[in-house]
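Right, one structure below, let's go through it.
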Ligand SMILES: [Zn+2]
Ligand SMILES: [Zn+2]
């Protein structure tokens, strides 16, 4: 199939549609596009598959939740595991119309499947990302069913050879003078079905579970950092390996700090008298305070480095610096007294005190000479 469409769009229901609405919409479309009613029509067949795939996901609360959260692109390969519809487009139709739905015979079979990868979006405060933190996260996921240990078969029963295909996984039917071989819909080509599904998991071999995981976030992570927790994804089906969990980090903006590599940057406004006379100020760091000496005559844009007050290096090589970039604020409201004093000061100003101003006007003057 080419470009995938949104499953809700495929079924023509909105995102809040009830399970009944979804089932109703699916039935109607499945009837309309069923290959038996549209023999030889490729586009109807594709549409039928598309409808089946959408229903497969939206009719299952776990899969629907995952789809709502991740969409098709989400956990990528992991989500593909949910689809699995490619083989035998008859199966879902049979499930519903022949009442096999509860048994989910379509999912039963012998082949092991790797569990889906999960993605967890974790938002961290700036400091947490900077210095590292331990976070507890709640992971909804599918675990191997404890009752049947993931086989999907009721205790004491075994998967049996599929009657639909006698275990071959293929069925043949005639279309005009052609005999077409097709994947068996009852067993989805697996050749075996579970006749007595486990009641706990309805034959799925998996149950919905929630787990609390403690994730150690190393210092220095950034927005977009992906932490892989091997084997913390969904359980495999029928003994397949467990998927992985990816924790994807978003770091909140800090009100005064920004980050460049291991260095922290902070824009520090100072008064023009402080800039002119020099001063000592206390500035915040990510861990306590630091004293910053601003020499007389400091200009806007001057940077002062406080060694070792930046962020710990993500690879463990020491720490970066805190870089304070100052800018000089010119007062906007003057009292009468302040104005008087400044006017007095203005009369005392001379070129030596403002080399930039003086230099500029000298250049201007030269232009007209
Ligand atoms: Zn079970
Ligand atoms: Zn079969």
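What follows is calculated from the coordinates using simple rules that are stated; it is not laboratory data. Computed from a predicted structure; not experimentally measured. Quick reminder, even Gly has a Cβ in these numbers, built from the backbone with ideal geometry, and neighbours come from all protein chains shown.
The figures follow:
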{"read-out": "Tilt relative to the chain, helix 355-368 - C-alpha long axis, 0 to 90 degrees, to 10", "value": "80 degrees"}
{"read-out": "Hull volume in cubic angstrom per residue (convex hull over the Cα atoms of the range 170-279)", "value": "243 Å³"}
{"read-out": "Euclidean distance between Cα centres, the range 281-322 to the range 323-338, Å", "value": "22 Å"}
{"read-out": "Spin-label pair residue 166/residue 5, simplified geometry with 7 Å Cα→Cβ offset, distance in nm", "value": "4.0 nm"}
{"read-out": "For the chain, alpha-carbon Rg and Dmax in angstrom", "value": "34.0, 109"}
{"read-out": "Length added when fully stretched, residue 226-residue 339, from 0.36 nm per residue minus Cα-Cα", "value": "35.0 nm"}
{"read-out": "Packing-based order for 114-123, 38-47, using average beta carbon neighbours within 10 Å, highest first", "value": "114-123, 38-47"}
{"read-out": "Degrees separating the helix 19-33 axis from the principal Cα axis of the chain, which is the longest one", "value": "60 degrees"}
{"read-out": "Added length on full extension, which subtracts the Cα-Cα distance from 0.36 nm per residue, residue 180 to residue 352", "value": "52.2 nm"}
{"read-out": "Estimated 222 nm signal from helices in the chain, with DSSP H stretches of n ≥ 4 weighted -39500 (n - 2.57), rounded to 500", "value": "-8000 deg cm²/dmol"}
{"read-out": "With Cα atoms, 0 to 90° folded angle of helix 336-348 axis to the chain main axis", "value": "70 degrees"}
{"read-out": "Protection proxy ranking of 246-253, 286-293 - average other beta-carbon atoms within 10 Å, highest first", "value": "246-253, 286-293"}
{"read-out": "Relative contact order, percent, the chain [alpha-carbon distance under 8 Å, six or more residues apart]", "value": "14 percent"}
{"read-out": "Packing rank of 277-283, 361-367, where each peptide gets the mean count of other beta carbons within 10 Å, highest leading", "value": "277-283, 361-367"}
{"read-out": "Estimated translational D of the range 220-369 in µm²/s (Stokes, Kirkwood radius over Cα pairs; 20 °C; 1.002 mPa s)", "value": "106 µm²/s"}
{"read-out": "Virtual spin-label span in nm between residue 268 and residue 256, 7 Å along Cα→Cβ", "value": "0.9 nm"}
{"read-out": "Debye log10 I(q)/I(0) at q = 0.15, 0.22 Å⁻¹ for the range 135-189, Cα point scatterers", "value": "-0.65, -0.89"}
{"read-out": "Isotropically averaged projected area of the range 117-212, using the convex hull of Cα atoms (one quarter of hull area), nm²", "value": "10.2 nm²"}
